[in-house]
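Here is the structure we will look at.
The values are calculated or read from the model by the stated rules, or taken from the named source; none is laboratory data. Bear in mind the structure is a predicted one, so any value in this text is a computation, not a measurement. Here the Cβ is made from the backbone with ideal geometry for all residues, glycine too, and neighbour counts use every protein chain on show.
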Amino acid sequence: MKKLVLVLLSLLMVVVAGGVVLADKGPTGKFAAKAGDAIYVCGCGAGCDCGSLAKKEGKCGCGKEMVKTTVTKVEKGKVFYKLDGKELSAPIKGKYACGCGKGCDCGSISQKPGKCGCSKDMVKVK
């Protein structure tokens with residue numbers, strides 16, 4: 001019985017240690033969205049290359065106010081949405097992500113540094 005308890009405790013310690021190693025390695029920079037989701041995007045239009053996407057309003061990577069829109073589709077690593085009657089897209093994987101840490105729900109990503117929807121600095125994705 002003692003051996004069983006020791007084996008179980010050892011397994012528990014391995015699982016806990018593995019969880020600590022895998023825990024919070026910083027923001028992933030991946031924007032979670034599906035068709036029909038309301039999101040905020042950079043309002044600059046087709047010529048803008050900041051690629052800012054967020055779950056909450058705020059400013060985008062290029063400093064402009066983000067505008068609310070709806071995801072039309074997500075495919076081939078891009079989030080598609082309509083802005084001023086035109087279908088635009090931004091990469092689903094940002095080079096920068098909100099740096100406010102665990103519990104943050106602004107979901108901001110961008111291809112450029114700047115501030116996120118909750119006014120925190122964007123951090124480079126590892």
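Before moving on, here are some points about what is shown:
- In the set (1) part of a loop (DSSP other than H, G, I, E, B); (2) more than 16 Å from the chain's Cα centre (by Cα), Lys82 fails one condition alone, (1).
- Qualifying residue in region 64-72 (condition: in contact (Cβ under 8 Å) with a residue 12 or more places away in the chain, assigned to a loop (DSSP other than H, G, I, E, B), touching a Pro at 6+ places or on another chain (Cβ under 7 Å) and not hydrophobic (A, V, I, L, M, F, W, C)): no
- Applying the criterion of at least 2 residues that are within 11 Å of Leu53 (Cα to Cα) and touching a strand residue (DSSP E or B) at 6+ places or on another chain (Cβ under 9 Å) to the strands (runs of 3 or more DSSP E) found wholly in region 86-126 leaves 86-91, 96-98.
- Selected residue (only one of Lys95, Lys76 is within 17 Å of Asp121 (Cβ to Cβ), modelled with pLDDT of 90 or more and among the charged types (D, E, K, R)): Lys95
- Among the residues of region 60-79, those that are among the charged types (D, E, K, R) and in contact with an Asp or Glu (Cβ under 8 Å, 6 or more places away or on another chain) comprise Glu65, Lys68.
- Residue satisfying all of: in region 27-55; under 13 Å from Tyr81 (Cα atoms) and of a type outside the set (Gly, Ala, Ser); modelled with the lowest pLDDT among these: Cys42
- Cβ-Cβ contacts under 8 Å between residues 6 or more apart (or on different chains), taken from a first residue in region 36-58 that is over 22 Å from Cys100 (Cβ atoms) to a second residue that is surrounded by fewer than 24 Cβ atoms within 10 Å (Cβ to Cβ) and of a type in the set (Ser, Thr, Tyr), are listed as Gly36/Thr70.
- Scan of region 100-125 for residues that are farther than 18 Å from Glu65 by Cβ and surrounded by 18 or more Cβ atoms within 10 Å (Cβ to Cβ), ordered by number: Cys100, Cys104
- All positions within region 50-63 that are under 13 Å from the mean Cα position of the chain (by Cα), surrounded by 18 or more Cβ atoms within 10 Å (Cβ to Cβ) and part of a loop (DSSP other than H, G, I, E, B): Gly51, Ser52, Lys55
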